[in-house]
Amino acid sequence: MLELRAGAASVVLAPEAGGAIVGWTVGAQPILRPPLAEALVGGNPRGLGAFPLVPFSNRIADGRFAFAGRTWQLARNFGDSPHAIHGVGWQRAWEIDAIGQSAARLGLRHRPAGEAAAAAWPFAFDAEQRFTLAPDRLTVGMRVVNRHDGPAPAGLGLHPYFPRTPAATLRFAAAGVWRNSPAMLPAAHGPVPPEWDHRTPRRVGSAVLDNSFDGWDGRAEIALAPGPVTIAIAAGPIFRHLVVFTPPGADFFCVEPVSHLTDALNRPDQPGTGLVVLAQGAALEGEIVFWLGGVG
């Protein structure tokens, strides 16, 4: 594990556990959900503070998609789920490319040599995460480069877990939202209904969500009420989709900036999915900044 420090702020990274953020604290105040003990022992990113989504976000239906005149079958990588989920990065060890007191760069090199690697993702890529910590903010830069011998699809996202305080609120604006099928895949698109409208702050848990919003303006605000801590999210222009996950009874919630719709690979002719096909050697990159208020 690595620790970055800036004033009273500290971020712990786990390159060996999916390039995850273990935790982010300012003094004694956790900004991300504190890591679960069993996740620390087992190296499970889903029990830590945040993990990268690369080279795709969320689910690919039944782990199968068509691209470049061929049907590809991915390994199912999430327990008994029938889908392939969250890409490759969260289940691989990352290399430490650079480290300083308040900044680090992690890298991942994926080459689909061998049956298991090809089943995880059949297209070669290089990925990078850049972390820069300041007393009042954390900046996460993400990049994926196509190293396949031809065009290849690619996507990026970040999956942070925030502590669900008793009166936590969330604010963001989006143009539309997808309702899910029983298989938890996008099924019907429409305007954001009033009960899911977060243009003014809405209490986390007032609606049970595991949904993809589109036409997001790249801004969100979280208040970890009743405490004074606020978190403002500013995501770069590649991140115009937002997955919001508010599981009932959980001590966390997720606000995930992502570059594309869930299962976008199976909707190549549908406009607005955010699906990107990179030429050989081309890159997709973006930055997400988390600004803090009420601490320090």
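In order along the range 240-254, phi translates into HN-Hα couplings of 10, 10, 9, 9, 10, 10, 10, x, x, x, 7, 9, 9, 8, 10 Hz, rounded to whole numbers, per the Karplus curve 6.51 cos²θ - 1.76 cosθ + 1.60 with θ = phi - 60° and x for Gly and Pro.
Could you work out the per residue convex hull volume over the alpha carbons of the chain, in cubic angstrom? Let's see the in-between values first.
Details: hull volume 36.6 nm³, N = 296.
For the chain, the hull spanned by Cα atoms encloses 124 Å³ per residue.
In the chain, the calculated helix contribution to ellipticity at 222 nm averages -1000 deg cm²/dmol per residue, counting -39,500 (n - 2.57) for every DSSP H run with n ≥ 4. Scalar couplings 3J(HN,Hα) for the range 145-161, obtained by applying the Karplus form with A = 6.51, B = -1.76, C = 1.60 to θ = phi - 60°, are 10, 6, 10, 6, 7, x, x, 8, x, 7, x, 9, x, 10, 10, x, 10 Hz; x denotes Gly and Pro.
Stokes-Einstein diffusion for the range 146-283, with the hydrodynamic radius set to the Kirkwood value over Cα pairs and evaluated at 4 °C in a medium of 1.567 mPa s, equals 82 µm²/s.
The alpha carbon centroids of the range 162-237 and the range 241-296 are separated by 12 Å.
Quick note: the coordinates plus some simple rules give every number you see, no bench work behind them. Everything quoted here is computed from the prediction, not taken from an experiment.
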